[in-house]
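Each remark here refers to the structure printed beneath this line.
The values are calculated or read from the model by the stated rules, or taken from the named source; none is laboratory data. If you're wondering where the values come from, they're calculated on a predicted model, not measured in any experiment. When we count neighbours, we look across all protein chains shown, and the Cβ atoms used for this are built from the backbone with ideal geometry, even at glycine.
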Amino acid sequence: MVELDHSFTTGRPAEDAWAAMLDLDRLIPCVQGGKVVERTSPEAAKAEIRVKMGAMSMTFAGTVEVVERDDAARRARLRVKAREVGGQGHANADVAFHVSDGGGTIHTAAQITGKAASMGEGVVQTVLDGLITDFTRRLQAV
């Protein structure tokens with residue numbers, strides 16, 4: 001299990017950032033290599049992400065779902081369940097957001113198996129950290 005904490009800025013009122021966080025069609029493409037494949041409900045979507053880990057590139061396909069939300073506190077938890085396309089690995093994560101005026105925080109708890117995990121926890125943590133840092137930059141434009 002890899003756990004990471006990040007903060008982000010949006011320069012916008014909390015209501016705007018909150019709306020973006022709950023809109024999976026806007027949120028998922030903020031992850032580099034991420035795309036929505038199909039919306040399955042207002043709270044869930046099938047998605048894919050292509051991740052580069054060292055010399056390897058892997059594609060993961062799965063679901064992203066809002067499993068908890070507190071509109072008054074502007075807190076939400078998303079659950080990501082993905083399987084490596086053509087492989088045996090999984091990438092699952094719980095991602096907790098808290099949004100406030102001008103930005104917020106993200107806590108990620110991820111479990112990675114298969115080829116990606118064989119790269120070592122340090123590599124996995126570095127790649128996840130880079131993905132989340134890039135994600136927070138892209139959020140500013142959403």
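As a summary of the residue check, residue 86 satisfies the conditions (1) over 17 Å from residue 51 (Cα atoms); (2) part of a loop (DSSP other than H, G, I, E, B); (3) of a type outside the set (Val, Ile, Thr) except for the one numbered (1). Among the criteria (1) touching a strand residue (DSSP E or B) at 6+ places or on another chain (Cβ under 6 Å); (2) farther than 18 Å from residue 127 by Cα; (3) of a type outside the set (D, E, K, R); (4) buried (at least 17 other Cβ atoms within 10 Å of the Cβ), the one residue 105 does not fulfil is (4).
Taken together, the residues in segment 85-104 that are modelled with pLDDT under 95 and of a type in the set (D, E, K, R) amount to 1. Checked against the criteria, residue 74 does not count as of a type in the set (D, E, K, R), over 22 Å from residue 11 (Cα atoms) and touching a strand residue (DSSP E or B) at 6+ places or on another chain (Cβ under 6 Å). Taking the listed residues 36, 99, the one that is free of Cβ contacts under 8 Å to residues at least 24 places away in the same chain, surrounded by 13 or more Cβ atoms within 10 Å (Cβ to Cβ) and not polar (S, T, N, Q) is 36, with no other qualifying.
Out of the residues in segment 1-13 that are of a type in the set (Ser, Thr, Tyr) and surrounded by 13 or more Cβ atoms within 10 Å (Cβ to Cβ), state the one that is modelled with the highest pLDDT. Before the answer, list the steps.
The first filter runs over segment 1-13 and keeps only residues of a type in the set (Ser, Thr, Tyr), leaving 7, 9-10.
Applying the additional criterion that residues be surrounded by 13 or more Cβ atoms within 10 Å (Cβ to Cβ) yields 9-10.
Values: 9: 90, 10: 86.
Among those residues, the one meeting the criterion is 9.
Among the candidates 142, 124, the residue that is under 19 Å from residue 25 (Cα atoms) and among the hydrophobic types (A, V, I, L, M, F, W, C) is uniquely 142.
Looking only at residues in segment 71-82 that are surrounded by fewer than 18 Cβ atoms within 10 Å (Cβ to Cβ) and assigned to a strand (DSSP E or B), the one that is farthest from the chain's Cα centre (by Cα) is 75.
For (1) more than 14 Å from the chain's Cα centre (by Cα); (2) in a helix (DSSP H, G or I); (3) in contact (Cβ under 8 Å) with a residue 60 or more places away in the chain, each residue gets a yes or a no:
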{"site": "4", "(1), (2), (3)": "no, no, yes"}
{"site": "15", "(1), (2), (3)": "yes, yes, no"}
{"site": "21", "(1), (2), (3)": "no, yes, yes"}
{"site": "45", "(1), (2), (3)": "no, no, no"}
{"site": "50", "(1), (2), (3)": "no, no, no"}
{"site": "60", "(1), (2), (3)": "no, no, no"}
{"site": "65", "(1), (2), (3)": "no, no, no"}
{"site": "69", "(1), (2), (3)": "yes, no, no"}
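Just to verify a result, which residue in segment 14-24, among those that are within 15 Å of residue 63 (Cα to Cα) and not charged (D, E, K, R), is surrounded by the most Cβ atoms within 10 Å (Cβ to Cβ)? I'd like the intermediate steps shown before the answer.
First, the residues of segment 14-24 that are within 15 Å of residue 63 (Cα to Cα): 22-24.
From the residues that got through so far, the ones that are not charged (D, E, K, R) too are 22, 24.
Working: 22: 19, 24: 21.
Top of the filtered list is 24.
Among (1) within 18 Å of residue 9 (Cα to Cα); (2) touching a Pro at 6+ places or on another chain (Cβ under 9 Å); (3) surrounded by 19 or more Cβ atoms within 10 Å (Cβ to Cβ), which single condition is residue 27 missing? Failing condition for residue 27: (2).
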